[in-house]
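Working notes, structure below.
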């Protein structure tokens, strides 16, 4: 069987990644809220005509929240698959991954406040 080309492999990888992002958005309530908030601050960015640097920081903040939430979801699903019964060690892993989302979300909210409070007032 001939080896697939590099380009075909990359296109498959992109297809799987897009499918994963769609699954995440369709199945997880928390990511739906975060996507809506991301769209809201994006609309605010256009309304207030934020600077290029503010756009960069805002996009990175949104991406960090969504990416961390995706990793948190993957950790939780894998933990539930490996150990369906209650286990303190699994609970620790889930708490730590949820804590990571909280830390990134808090930082993203602070970024939003830094960008938008001066524009609002």
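Here, each number is a calculation from the coordinates, and none is a lab measurement. Computed from a predicted model, the values in this text were never measured in an experiment. Note that each Cβ is placed from the backbone with ideal geometry, even for glycine, and that neighbours are counted across all protein chains shown.
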Practice item. If a/c stays under 1.5 just call it rounded; otherwise compare a/b with b/c (prolate if a/b is bigger, oblate if not). Do that for the chain, with a ≥ b ≥ c from the square roots of the Cα gyration tensor eigenvalues. Key: oblate
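If r is the Cβ-Cβ distance from residue 120 to residue 59 and R0 is 25 Å, what FRET efficiency results, to the nearest 0.05? List each step's numbers first, then the result.
Values: r = 20 Å, r/R0 = 0.81.
Calculated transfer efficiency: 0.80.
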Study note, to complete from the structure: Least to most buried among 121, 92, by other C-beta atoms within 10 Å and fewest first, runs 121, 92
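Counting only helical runs of four or more DSSP H residues, what would the 222 nm mean residue ellipticity of the chain come to if each run contributes -39,500 (n - 2.57) and the total is spread over all its residues?
On the way: 4 runs with 106 residues, N = 121.
One gets -31000 deg cm²/dmol as the mean residue ellipticity at 222 nm.
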Review point. Angle between the Cα long axis of helix 6-27 and the longest principal axis of the chain, 0 to 90 degrees, nearest 10?
Key: 70 degrees
